[in-house]
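K.L.:
Structure provided below as structure tokens; questions to follow.
No lab work stands behind these numbers, since they all come straight from the coordinates. Owing to the predicted nature of the structure, the values given are computational and were not obtained by experimental measurement. In this analysis, Cβ positions are derived from the backbone assuming ideal geometry, glycine residues included, and neighbour counts consider all displayed protein chains.
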Amino acid sequence: AQKVTQTQTSISVVEKTTVTMDCVYETRDSSYFLFWYKQTASGEIVFLIRQDSYKKENATVGHYSLNFQKPKSSIGLIITATQIEDSAVYFCAMREINSAGNKLTFGIGTRVLVRP
Amino acid sequence: GGIITQTPKFLIGQEGQKLTLKCQQNFNHDTMYWYRQDSGKGLRLIYYSITENDLQKGDLSEGYDASREKKSSFSLTVTSAQKNEMAVFLCASSMGGTSAETLYFGSGTRLTVL
């Protein structure tokens, strides 16, 4: 069965620095997709970035980048030059290519506080 | 762009009551989902639907019914509310068809059972 684990419950950083959060996953498939979503204080959840398991290059979108270590089943999210509005809960998620019914499995989330 | 509208935003029910949550999307997406979010437990899939009149059970379907009578709407029914239950129910949609697609979420319905 799919499983996604985020061990860091909360992280606090100073504005304009870099924050890194961890995510490890379990899957029997050789091909899968990994996602990071952000939930703001208002409850809104938005997609941030995706890594395709068959791609060796780490995905990057704006000031978000991924540290994909396939042998370790790890997909870390890195946010550089953090801003106050990056304060949110970040969810890691995975979907296997042959996922029955397109099922997306989420981790429990990491709460990030960016302070002035 | 599109939007996902969930109603109501807040729902207070009594133990044993049947409660219905509604979700509308104007993305013209094929697939819609209902997730439940409890504190410290992430998002868990209750039901999803890949097209009108289709229903698929997720990991948490027991105690819930769902209905997809139109492509744009997906409703969820709590068949018998549990006392002291508190959770946020999130509706989402996606284009449908590929595993790489992303989900778009509504702002949630916060349920409290007295």
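K.L.:
Given an 8 Å cut-off on Cα distances and at least 6 residues of separation, report the relative contact order of chain B as a percent.
P.N.:
Computed over chain B, the figure is 36 percent.
K.L.:
Shifting gears a bit: Label chain B by shape, choosing from rounded, prolate and oblate, from the square roots a ≥ b ≥ c of the eigenvalues of the Cα gyration tensor; if a/c is under 1.5 it is rounded, and otherwise prolate applies when a/b is larger than b/c, oblate when it is not.
P.N.:
Since a/c reaches 1.5 and a/b is larger than b/c, the shape of chain B is classed as prolate.
K.L.:
Treat the count of other C-beta atoms within 10 Å as a stand-in for reagent exposure and order B:60, A:66 from fewest to most. It would help to have the intermediate numbers written out before the result.
P.N.:
On the way: B:60 15, A:66 22.
Sorted ascending by nearby Cβ count, the order is B:60, A:66.
K.L.:
Inside 10 Å of the C-beta atoms of B:93-102, what's the mean count of C-beta atoms belonging to other chains?
P.N.:
Across the residues of B:93-102, the mean count of other-chain Cβ atoms within 10 Å is 5.
K.L.:
Now, a different point. Ordered by packing density, taken as the mean number of other Cβ atoms within 10 Å over each peptide's residues, highest first, how do B:43-49, B:18-24 rank?
P.N.:
Ranking the peptides B:43-49, B:18-24 by packing returns B:43-49, B:18-24.
K.L.:
With an 8 Å Cα cut-off and a minimum separation of 6 or more residues, compute the relative contact order for the range B:1-41 in percent. Show your work: numbers first, answer last.
P.N.:
Details: 24 pairs, mean separation 18.8, N = 41.
Normalised by residue count, the contact order of the range B:1-41 is 46 percent.
K.L.:
Give the average, rounded to an integer, of partner chain Cβ atoms located within 10 angstrom of each Cβ in A:103-110. Please report the intermediate quantities before stating the final value.
P.N.:
Values: counts 7, 12, 5, 7, 2, 7, 6, 0.
Mean partner shielding for this stretch: 6.
K.L.:
Where is the GNM fluctuation largest for chain A (alpha-carbon springs, 10 angstrom cutoff): A:41, A:88, A:59?
P.N.:
Highest fluctuation among the options: A:41.
K.L.:
Mean-square fluctuation check for chain A, GNM, Cα pairs under 10 Å: which of A:50, A:95, A:28 is largest?
P.N.:
A:28
K.L.:
How large is the charge dipole for the protein assembly as shown, taken about the Cα centre, if only the Cβ atoms of Lys, Arg (+1) and Asp, Glu (-1) carry charge, to the nearest 20 debye?
P.N.:
Dipole about the Cα centre, nearest 20: 200 debye.
K.L.:
Still on this structure: Would you work out which of A:25, A:97, A:53 lies farthest towards the positive end of the dipole of the protein assembly as shown? Charges go on Cβ: Lys and Arg +1, Asp and Glu -1.
P.N.:
A:25
K.L.:
Here's another thing I want to ask about it. Which shape class, rounded, prolate or oblate, goes with the range A:43-116 when its Cα gyration tensor gives a ≥ b ≥ c as root eigenvalues, a/c under 1.5 marks rounded, and past that a/b bigger than b/c marks prolate?
P.N.:
Oblate shape, in that a/c is at least 1.5 and b/c is the bigger or equal ratio.
K.L.:
About the Cα centre of chain A, what is the dipole size in debye to 20, counting +1 per Lys and Arg Cβ and -1 per Asp and Glu Cβ, all else neutral?
P.N.:
The dipole of chain A has a size of about 220 debye.
K.L.:
Can you run phi through the Karplus equation (6.51, -1.76, 1.60; θ = phi - 60°) for the range B:86-102 and list ³J(HN,Hα) in whole Hz, with x for Gly and Pro?
P.N.:
Couplings: 9, 7, 10, 9, 10, 9, 9, 9, 8, 4, x, x, 10, 7, 7, 5, 9 Hz.
K.L.:
Just want the answer: with Cβ charges of +1 for Lys and Arg and -1 for Asp and Glu, which residue in B:35, B:20, A:11 is farthest toward the dipole's positive end in the protein assembly as shown?
P.N.:
After comparing all options, I get A:11.
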